[in-house]
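Engineer: My questions will all concern the structure given below.
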Amino acid sequence: MTTENKGIVQRALAGLIETGDVDTLASFLSDDFLHHRSDSTTSTKVEWLAAVQAALGPTAGMQVEILHLLADTDHVVVHSRRWLPDAGPEIVVVDVLRVADGLIAEGWEIIEPVAQAAANGTWWEPDQQSKTETRVRW
């Protein structure tokens with residue numbers, strides 16, 4: 001099942017990355033697909049595909065490099081680097097996709113601008129914790 005789910009995600013992303021065409025991607029999404037972002041917003045299939053088209057479509061020109069594609073049972077994790085051809089900000093993205101009945105049913109996305117990676121990588125250090133008002137509690 002893990003290998004099959006990884007293959008589903010690979011096929012879904014291949015056409016999108018190569019051509020910017022969201023139609024192939026759409027065919028791999030369930031009708032009730034939901035996409036979640038770290039800012040607590042959730043998009044429907046139609047809303048998310050429109051956002052993907054705007055970012056990755058032929059006129060937008062965003063470049064995507066998949067760095068890792070990992071699968072475990074019904075979840076597939078995609079770690080990618082993305083940038084605009086006109087030297088726009090480079091970002092690193094982690095997508096966690098849940099596959100059900102041969103279709104991508106749900107996705108979660110975490111985005112980090114590469115320029116902020118060093119600063120975001122030190123929040124847990126003792127000298128940084130004393131500078132913040134909010135602490136993470138486990």
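Engineer: Residue by residue through segment 90-112, note down the ones that are free of Cβ contacts under 8 Å to residues at least 60 places away in the same chain and either more than 18 Å from Ile17 (Cα to Cα) or charged (D, E, K, R) (or both).
Structural biologist: Within segment 90-112, Glu90, Asp95, Arg98, Glu112 qualify.
Engineer: Pick from Thr73, Thr2: which is within 17 Å of Asp101 (Cβ to Cβ) and modelled with pLDDT under 90?
Structural biologist: After applying the criteria, what remains is Thr2.
Engineer: Among the residues that make up segment 81-88, is at least one of them in contact with a helix residue (DSSP H, G or I) (Cβ under 9 Å, 6 or more places away or on another chain) and on the phi > 0 side of the Ramachandran plot?
Structural biologist: no
Engineer: While we're looking at this one, here's another question. Scan segment 45-53 and tell me whether some residue there is touching a residue at least 24 places away in the same chain (Cβ under 8 Å) and β-branched (Val, Ile, Thr).
Structural biologist: Yes: segment 45-53 contains one or more residues that are touching a residue at least 24 places away in the same chain (Cβ under 8 Å) and β-branched (Val, Ile, Thr).
Engineer: Which residue is nearest to Arg37 (Cα to Cα), if the candidates are limited to segment 81-99 and must be at pLDDT 95 or above and crowded, with 17+ Cβ neighbours inside 10 Å?
Structural biologist: Asp95
Engineer: Taking the condition of being small (Gly, Ala, Ser), more than 14 Å from Thr3 (Cα to Cα) and over 13 Å from the mean Cα position of the chain (by Cα), how many residues in segment 60-82 meet it?
Structural biologist: 2
Engineer: While we're looking at this one, here's another question. Can you tell me which residue within segment 111-138, out of those that are outside any helix (DSSP H, G or I) and of a type in the set (Asp, Glu), is modelled with the highest pLDDT?
Structural biologist: Ranking the candidates gives Glu112 first.
Engineer: Just give me the residues in segment 1-41 being in a strand (DSSP E or B), among the polar types (S, T, N, Q) and exposed (fewer than 13 other Cβ atoms within 10 Å of the Cβ), in sequence order.
Structural biologist: None; the set is empty.
The values are calculated or read from the model by the stated rules, or taken from the named source; none is laboratory data. Bear in mind the structure is a predicted one, so any value in this text is a computation, not a measurement. Glycine also receives a Cβ, built like all others from the backbone with ideal geometry; neighbour counts cover every protein chain displayed.
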